[in-house]
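These notes are about the structure you will find just below.
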Amino acid sequence: TEPRFLADYRPADFTINTVNLSIELADTSTKVINELELVKQGDHQQALVLNGEHLTLISLVLNDQPLHAELYQLNDTLLTIPASSLPEGDSFTLIITTEINPLENTALEGLFKSGDAFCTQCEAEGFRRISYYLDRPDVMATFTTKVTADKTLYPFLLSNGNKIDSGDLPGNQHFVTWYDPFPKPCYLFALVAGNFDLLEDKFTTMSGREVALEIFVDKGNLAKAEHAMVSLQKSMAWDEQTFGLEYDLDIYMIVAVDFFNMGAMENKGLNVFNSKFVLADSQCATDSDYFNIEAVIAHEYFHNWTGNRVTCRDWFQLSLKEGLTVFRDQQFSGDMHSSAVTRIQNVRVLRSLQFAEDAGPMAHPIRPEKVLEMNNFYTLTVYEKGAEVIRMLHTLIGVENFRKGMDFYFARFDGMAVTCDDFINAMSDASGKDLTQFKLWYSQYGTPVIKVAQAFDAATGIYTLTLSQQSPVTKKQENPQALHIPIKIELINKDFDTNASVNTSNLNQTKLLELTQDTQTWSFSGFSQQPTLAMLADFSAPVKLDFSQDETALLTVMKNAENSFCRWDAGQKLLMSYIQHLTFDADYVISPALIDAINSMLMGGEDRAFIAEQISLPSFDEAAGLMIDIEPLALFDAISTLSLFIAQGAQQQLLATYQACQQVGEEDCVANRALKNVCLSYLSRLPEYQYLVAEQYQQAANNNDITQENMTDTLAALTCSAKVNLPDLSEQLQHFENKWHDTTLVMDKWFAIGASIVSDDIFTQLNDLLKHPQFTLKNPNRARSIISAFAMNNPKYFHCKTGKGYQFLAQQIAKMNEINPQVASRLVTPLIQYKSFATAHQQLMKAELITLHALPNLSNDLKEKLDAALI
Ligand code: DPP
Ligand code: ZN
C-alpha cells in the first residue's frame, strides 16, 4: 500500500445518491446485498473504482444485467469496472452481493461480533469491509437498510434513521427496515443486532419536537445506563442553548458494547459506544468514569452537527470535526462542572501526551498531509491540539463572533463535506478578522516554544515584555513561519497587600496579546514597581514556555493571580523545578518553603477539586515532556523523593484535610473525594499512616452497608497499595476479584492495578495476569488493561535497565498485530518516542522496534509508525 497525500485530493468521478442495503446476518456468512444509484460526475472515461476488503464477491448486476467476471477486475482492495463496461448514460444502478465473516473479524472494523451481538465500526474506512463502495467521506448518500436475523437471538435490529418497516419471516427470522433521510458518508453507517435491555426516555427540542431516546445495554445493566441518559439530555439542552443546534431525527439510539477499538462512534441516529463510556453506578464506577461518560456522550451527540450534518471532505480534514467537537465537549464539561478544574485536566493531557506526540517520529500538523493508514491519525494532535486551535480562535474573535461564525458555517455548509479552510473562512467572515496567518496552525506541526524576556524602568514606571516564538526546525519542516498566537497575560502589581480585603481586579491587569512575529515587544505603564508576570492565562495557546521565574515570583502568582489556571500552573512549575533538580542530583535539598506553600494550598479558600489539582505532582509523562535525554529511573526516583518530602513535611495538614474531606455529605462529594485521595496517596508513603489505606479499602469495598461502598475510594486505596506495594495488597486484590469477577468493566480496573504494582516481582505477576482465565487480547479494553496500564502507569519497571519492560510491551504488540492492528498500533506509542530518552534506554527500545519491524504480516498500521521511528 502506498501513502496518500492531501495535495492529491480530487473530487470523486462518481457519486452515490441512494444506497439500498439488505443484510442477512449469520455468524460466519453474512450476506450483504447493496443496491447503489450512481451518477457520473462530468464528462470523463474513468473507471468506477470501488473499495472493498475481506469480502467474498457473489455477484454484480449493472442496470439489471449481470456483469460477468471478464468485464471487471478484482483484487484484495479494489473492484474496478472500466468505462467500457459501464452503461452509456450518466446514472445507473449497481447491485453488489457479497458475503462476509463477522465472527472471524477480530480487527473490529466493519461488521463484527461483540459477545453475542453484531455491531459495526465504519470510521474511518471500515465500510469497505461490509460491501464494495466509494469509501470516502465526500460521497454522501441516503441509506435504506433492511436487517434480517434470527428472532430469538437478535430481537433488536437497529440501523441509522427511522424505522419504516418490520415483520416476521419463515424459519424464526425477522427483519426491520430503516431509512435515514440525511445524506451521509458511509463512515456514519451503523448496524446493531442483539438481545439487550433498553432504557427509554425522551427529549423535547426547543422547537417542541419530541425525540425518543433509547440506550441499549447488555441484559442486567439497565440501572447502569441512567447516568448516560441524563448526560444525553443535558448535552441536547446545552447545544440548543449554546449554539442553537437542535436534534433532527425522531429517535436517538446508543448501544453499549464490550468489544470496541475506540471510545465511541457518532453514527447518525445510532451511536455505538464502548461500554466503559456508558455503564456506571457508584458501586462500580469512579468519579472520573462518571465525568468521562458525560463527556463522551456529549462529544458523540455534538457530532450530529459538527461531523454529521457538516462532514469532512477527505480524511486529512479530520480535525474539522474532531478538534471542533472536542472543543465543544470541553466547554460543555466546564459548564456542567468546574471550568477551572476541567481546563487544568485538559491541559494535563495535552502536556503529558500530545506534546510528546508532537515531538516524536509520528508528529504531524492537526491537518496531516501524508497518510498511510488513516486509523493512525485519530491522534491527540488531531483531537486535543485541534481543540486548542479552535479555542485560540474563540479567544481571538470572542464568544459572540465565534457563535456568529458557527451560524455562518452551518448556513453555508449544511449537508456538505468541507475543509478546515472552509471553517476558518466562515469564522473570518463572521468576525471580520484576518485569519490568514492563523491557518498556519493547520499546516505546521510541533509545539512552539515562547521565550519570555522582561524589563522594568523604575524611572518611568514602564514595564516591557518581549516574546519570541520558535517552532521546531527539522527535515520535515525546514522553515517554519511565525504563528498567530493569542497570549493572555496577567500583570500582578507587587504593591498588592495580600492581607487587604480589596478586589484584586483593581490591581491586576489582564491583557490579550497577539503574537504574530518572530519577536515582539509590548510596553505597559503605570507601575511603581516591577509587576509579576502570570503567563498564559487559561493556557491561551498550546505552547511551551522558555521562562524561568524564581520562587518568589511563582509564589506571588500562586497567591495573587486572578486567573485560576495561572495560580495552578505556578504551583506546578515550582514542583517541576524540584523534580528537575532531583533528577540530576538525588541529594538536592528541597527548600522548606515548599512545605509552607503546600500547607497554605491545603488551608486555602479554593474549591477542593482545585486544591486536589494544585497539590498533585506533575505526572511522570508531564515531567518527561519538559526534559531531554531523560533518565527515566532518575526521574521516577525524583518524583518519589519529592512526594515523600511533601508527605513528611505536610503530614499534619494532609491528615487533617483527609479527615475533613471524610466528614462531608453528598454535597461536593466528588471534590471531597478527589482531595481526600490525593492526601491519601501522600500519607500512604509514611508507614505510620498506611493503616488509612486498609481502612479506606474496607469502608469503600467491604462495607456492611452496601450504599456506603464507592469505587472511587476503593480504587484510590488499591492504587496506593499497588504504588507502595503494601502488605495488604494481595489480600485486597483477592477480595476485589472475588467480588467483581462477573463485571467486565470492573475487572478491567483489577487487571490495570495488577499491572501497575511497583514490585521487583512485576514480570512474574504480569505473566500470571496474561494467563488469567478472563484475559483475552481480543477484547481491546481488556488488552489495554494490562498492556497500556503497565507501559503508562508503571514507569519504574517499564523503563527498567534490563529492557524487560520494553520487551514485554513488544511481545504483546507482536501478538496483537495478528489480532487487531489498530489496537496494536496504539500500543506502540511509548516505544516509538524512544529518542527523548537517554542513550542506554534508546538502544533497548530501538532493538524492540527493529524486532517488530521484521514481523511477518506486519500491518500497515504498525508499519507506518515503525518506518517513521526507525528512519
Ligand atoms: N469519531 C469518533 C469520535 O471521535 C471516533 N471514531 O467520536
Ligand atoms: Zn469525535
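The numbers here are math on the coordinates, done by the rules we state, and not lab data. If you're wondering where the values come from, they're calculated on a predicted model, not measured in any experiment. Because the Cβ atoms are built from the backbone with ideal geometry, glycine has one as well, and the counts that use them run over all protein chains shown.
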Quiz prompt | 0 to 90° range, to nearest 10: angle between helix 593-603 axis and the chain longest Cα axis | solution = 60 degrees
Quiz item: When ASP550, ASP329 are ordered from fewest to most other Cβ atoms inside 10 Å of their Cβ, what list results?
Solution: ASP550, ASP329
Self-check item: Residue-averaged 222 nm ellipticity for the chain, from DSSP H runs of 4+ at -39500 (n - 2.57), nearest 500
Solution: -12500 deg cm²/dmol
Exercise. Using only the alpha carbons, work out the radius of gyration and Dmax of the chain in angstrom.
Key: 28.0, 95
Exercise. For the stretch 658-671, just list the computed ³J(HN,Hα) in residue order, Karplus coefficients 6.51, -1.76 and 1.60, θ = phi - 60°, integers in Hz, with x standing in for Gly and Pro.
Key: 3, 5, 4, 6, 7, 7, 9, x, 5, 4, 6, 5, 5, 5
Exercise. Could you work out how far the C-alpha centroid of the stretch 797-842 sits from that of the stretch 196-252, in angstrom?
Key: 41 Å
Practice problem: First check a/c for the stretch 630-775, with a ≥ b ≥ c the square roots of the eigenvalues of its C-alpha gyration tensor; if it is under 1.5, answer rounded, and if not, answer prolate when a/b is larger than b/c or oblate otherwise. | Solution: oblate
Quiz item: Sorted from fewest to most neighbouring beta carbons within 10 Å, what does the list ASP289, ASP629 look like?
Solution: ASP629, ASP289
Quiz item: If contacts are Cα pairs under 8 angstrom and at least 6 residues apart, what is the relative contact order of the stretch 208-257 in percent?
Solution: 64 percent
Quiz prompt | Share of pairwise Cα separations in the stretch 196-309, more than 22 Å, in percent | solution = 25 percent
Exercise. Please tell me the relative contact order of the chain in percent, rounded to the nearest whole number, where contacts are Cα pairs under 8 Å and at least six residues apart.
Key: 8 percent
Quiz item: Based on the inverse mean of 1/r over its pairs of different Cα atoms, what is the Kirkwood hydrodynamic radius of the stretch 580-715, in Å?
Solution: 16.1 Å
Quiz item: So between GLU688 and ALA26, what do we pick up on full extension, going 0.36 nm a residue minus the alpha carbon distance?
Solution: 232.2 nm
Quiz item: Using 7 Å Cα-to-Cβ label points, what is the ALA69/GLU667 separation (nm, one decimal)?
Solution: 7.7 nm
Quiz item: Distance in nm between label sites at GLU514 and ALA634, each 7 Å beyond Cα in the beta-carbon direction?
Solution: 4.5 nm
Practice problem: Please list the radius of gyration and Dmax for the stretch 741-871, considering alpha-carbon atoms only, with Å as the unit. | Solution: 14.3, 46
Practice problem: May I ask what percent, to the nearest 5, of DSSP beta bridges between residues of the chain are antiparallel? | Solution: 80 percent
Quiz item: With charges set only on the Cβ (+1 for Lys and Arg, -1 for Asp and Glu), what does the dipole of the stretch 196-309 come to about its Cα centre, in debye to the nearest 20?
Solution: 160 debye
Quiz item: So, in Å, what gap is there between the alpha-carbon centers of the stretch 517-561 and the stretch 698-723?
Solution: 42 Å
Quiz prompt | C-alpha center-to-center spacing [the stretch 139-188, the stretch 398-430] in angstrom | solution = 34 Å
Quiz item: Given LYS778/LYS815; LYS544/LYS573; LYS202/LYS321, which pairs have Cα atoms separated by over 20 Å?
Solution: LYS202/LYS321
